[in-house]
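Worksheet: one structure, shown below.
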Amino acid sequence: MQIPVVKKLSKKDFVIEMIAVADVLYTYIQDGTLMYQTKRETYSQISTLEEQERFLMTNGFQKVERGYLVQMNKIEYFDEERSCVFFEQHPASKDAPNAPVSRIHKKDVEMFGKPAAIKDKRIHLSNS
């Protein structure tokens, strides 16, 4: 089994790598962060939204609002009036799972407000 970890290149720069659990010699906590020690490197657990975003963007997630990463192929409907995305085509209630969308990211989800584009977008994402 492999786990995603953070390899610090400098104070601000990092890469996300996958390491085999079998390669981990031990784990420990440093300044509240779980660390993984292998024979050659020390890695940390993904602990910030920026790190999580970098890892998840390879799996179809995208930032749509500060603090929100959305799996784009799960979006079924964009409510322009409320500026949020839903994960079902006809939300049964206002409590249906949804995520807010900022003005900056509106262009990335506007196609989900048009029923014909939903199907086309899902096909496009699944082929990439």
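Please treat every number below as a calculation from the coordinates, not as lab data. It should be emphasised that the depicted structure is a prediction, and the values quoted were computed from it without experimental measurement. Please note: Cβ atoms are built from the backbone with ideal geometry, for glycine as well, and neighbour counts cover all protein chains shown.
List of remarks:
- Hz values of 3J(HN,Hα) by residue in segment 65-76 - Karplus curve (6.51, -1.76, 1.60), Gly and Pro given as x: 6, 4, x, 10, 10, 10, 6, 4, 6, 9, 5, 10
- Dipole magnitude for the chain: about 260 debye, using +1 per Lys or Arg Cβ and -1 per Asp or Glu Cβ, origin at the Cα centre.
- From least to most packed, judged by other beta carbons within 10 angstrom and beginning with the fewest, Ile16, Ile46 follow the order Ile16, Ile46.
- Modelled FRET efficiency - R0 30 Å, Leu25 with Asp79, Cβ distances, 0.05 increments: 0.05
- Dipole size of segment 51-114 about its Cα centre, with +1 on Lys/Arg Cβ and -1 on Asp/Glu Cβ: approximately 180 debye, rounded to the nearest 20.
- Most mobile of Leu56, Leu34, Leu25 in a GNM of the chain (Cα contacts under 10 Å): Leu25
- Counting charges near Pro97 (Lys, Arg +1; Asp, Glu -1) among other residues having Cβ under 10 Å from its Cβ returns a value of -1.
- Descending principal axes extents, segment 4-61, alpha-carbon based, whole Å: 32, 24, 18
- Here the Karplus relation 6.51 cos²θ - 1.76 cosθ + 1.60, evaluated at θ = phi - 60°, turns the backbone of segment 96-112 into coupling constants of 4, x, 8, 9, x, 10, 6, 4, 4, 9, 4, 4, 6, 10, 4, 4, 6 Hz, with x for every Gly and Pro.
- Rounded to the nearest 500, the helix-only mean residue ellipticity at 222 nm of the chain stands at -5500 deg cm²/dmol, with each DSSP H run of n ≥ 4 adding -39,500 (n - 2.57).
- Within the chain, longest stretch free of exposed trypsin sites (Lys or Arg not before Pro) [DSSP loop, at most 15 other beta carbons within 10 Å]: 13-38
- Compactness of segment 1-117 is given as radius of gyration and Dmax, 18.3, 54 Å, from Cα positions.
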